[in-house]
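A.B. asks: Starting off with a structure, shown below.
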Amino acid sequence: MRLRRGEWTVLAFNLLYIAGFFGYFTLIANREFIGYILTMLALMALVAVVHLKVQFPVGILWGLSGWGLAHMAGGGVPVNGSVLYNAMVLPLFGTGELRVLNYDQLVHFYGFAVTAWLLWCLLAKLFPAMRGSRSILVFAALASMGLGAMNEIVEFTAVMLIPNTNVGGYFNTALDLVFNGLGAATAMVIRAVIPGDVPIALPNRAEVS
């Protein structure tokens, strides 16, 4: 199976920013985010394998790419003596780890909204009988939240293995989960209001060549 032009563009974009941040994190000896890059490469490979089977819309691939870039920038771009992840975007309420709204929370919201969209497309293609039902929206949102919880497990592992991480404490984890859920739910509400469409049949070799 060969990639289409738009898919090659997405792949090149991902490889360029990952290579750039890998070099940067290596120079500053940030082992935590080097591990995250390796995890991202594994996730990219997984998405690529699934994509070649079901052909996600290119918009989803760009959405995932933007999430990856936002994640790398969050851990690498210095802001006010810290990193972008800790930067306040809009001071709504709270102090310390309970403050809202910061960059990290926006990335969680966006990332798991995109994840819910991807899962909706996957369910719609593999189980076409679910299309148009409320179940597919609920399942996609809940599955996205579950992947969000797995992300927090990865962050917890980083805290246990690597000193001086920027992961944060209990309240940070709780807010991450909240924004994961808000992002996933928002994406599925939008999908319910604007149903859209995805090809039902799985692609054959001719369609992806």
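The values are calculated or read from the model by the stated rules, or taken from the named source; none is laboratory data. Being a predicted model, the structure only gives us computed values, none of them experimental. Glycine gets a Cβ as well: all are built from the backbone with ideal geometry, and neighbour counts include every protein chain shown.
A.B. asks: Mind checking which residues of region 28-38 are surrounded by 13 or more Cβ atoms within 10 Å (Cβ to Cβ) and under 18 Å from Leu11 (Cβ atoms)? Let's see the steps before the verdict.
C.D. replies: Let us first name the residues in region 28-38 that are surrounded by 13 or more Cβ atoms within 10 Å (Cβ to Cβ), namely 30-37.
Of everything in region 28-38, just one residue is surrounded by 13 or more Cβ atoms within 10 Å (Cβ to Cβ) and under 18 Å from Leu11 (Cβ atoms), namely Ile37.
A.B. asks: Sticking with this structure for a sec: Just checking, does region 88-101 include any residue being in a helix (DSSP H, G or I) and buried (at least 17 other Cβ atoms within 10 Å of the Cβ)?
C.D. replies: We begin by selecting, within region 88-101, every residue in a helix (DSSP H, G or I); these are 96-98.
Filter once more, keeping what is buried (at least 17 other Cβ atoms within 10 Å of the Cβ): none.
No, because not a single residue in region 88-101 is in a helix (DSSP H, G or I) and buried (at least 17 other Cβ atoms within 10 Å of the Cβ).
A.B. asks: Something else: When you scan region 11-29, do you find a residue that is in contact (Cβ under 8 Å) with a residue 40 or more places away in the chain, aliphatic (A, V, I, L, M), farther than 25 Å from Leu175 by Cβ and touching a Cys at 6+ places or on another chain (Cβ under 8 Å), even just one?
C.D. replies: No: zero hits.
A.B. asks: Please go through region 41-87 and pick out each residue that is among the small types (Gly, Ala, Ser), assigned to a helix (DSSP H, G or I) and out of contact with any Phe, Trp or Tyr (no Cβ under 6 Å at 6 or more places or on another chain).
C.D. replies: Across region 41-87, the qualifying residues are Ala42, Ala45, Ala48, Gly59, Gly63, Gly66, Gly68, Ala70, Ala73.
A.B. asks: Mind checking which pairs have a first residue in region 61-76 that is more than 17 Å from Ala45 (Cα to Cα) and a second that is acidic (Asp, Glu) and surrounded by fewer than 21 Cβ atoms within 10 Å (Cβ to Cβ), Cβ under 8 Å, 6 or more apart or different chains?
C.D. replies: Hits for this filter: Gly75/Glu32.
A.B. asks: Still on this structure, I have one more. Only one of these is closer than 26 Å to Asn14 by Cα and out of contact with any helix residue (DSSP H, G or I) (no Cβ under 9 Å at 6 or more places or on another chain): Ser144, Ser82. Name it.
C.D. replies: Ser82
A.B. asks: Scanning for something at pLDDT below 90, in a loop (DSSP other than H, G, I, E, B) and hydrophobic (A, V, I, L, M, F, W, C), does region 27-35 turn up at least one residue?
C.D. replies: Yes, that holds for at least one residue.
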